[in-house]
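Notes to accompany the following structure.
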Amino acid sequence: MILVALGANLPSRFGTPSQTLYAALKAMMQAGIKPVQISRVWKTAPWPYNETDPWFHNAVCEVDTDMEPMELLEALLKIEEDFGRVRTVRNAPRLLDLDVIAYDDEIIREGEKLIVPHPRMQDRAFVLMPMSDVVDEWVHPESKQTLEQLIEALPKTKEHEAVPIEDGWDE
């Protein structure tokens, strides 16, 4: 199972953050990355929490592709670039963020560029909560914790707040 996380908290030429995520799904299909299952859109606190930053719209999708992990990452980075993403400081607000979260049960370390499973996913409600919409049972290949255990271990703080948006793909 290959999982990709999508996030945005700034409007783009495609519209709202949710509309941007929808446009990103279309771009992924055109690039040979076919969404198989897609989560609801979740509204999540910015990481780290800053009350002045806009909240994110996040989703996770299971994808089908013939791409190898690095090729997949490069395709996702190209989509981000095509959407106008400019990387400034870490955790800055963004038009679009696409991350490879899991690639089957593989553990991949290709420098700092590609680390799978995503190195901080277990600490991020904005990944785990949408992921729970897509996968029933998933076990982290390194920690051997289930998705349910990872969610349960999240601190109950503002930066871990995640709420599904009703009709989020239309927002």
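So the values come out like this:
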read-out	value
Residue within region 49-65 that is in a strand (DSSP E or B), loosely packed, with under 15 Cβ neighbours inside 10 Å and in contact (Cβ under 8 Å) with a residue 60 or more places away in the chain present	yes
Test: W138 is over 15 Å from A5 (Cβ atoms) and among the aromatic types (F, W, Y)	no
Exclusive hit being closer than 25 Å to E159 by Cβ and not in a strand (DSSP E or B), set L21, L3	L21
Test: residue in region 33-46 that is at pLDDT below 95 and either surrounded by fewer than 18 Cβ atoms within 10 Å (Cβ to Cβ) or over 17 Å from A162 (Cα atoms) (or both)	no
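The values are calculated or read from the model by the stated rules, or taken from the named source; none is laboratory data. A quick note: this is a predicted structure, and the numbers were derived from the prediction, not measured. For neighbour counting, all protein chains shown are included, and Cβ atoms are generated from backbone atoms with ideal geometry for every residue, glycine included.
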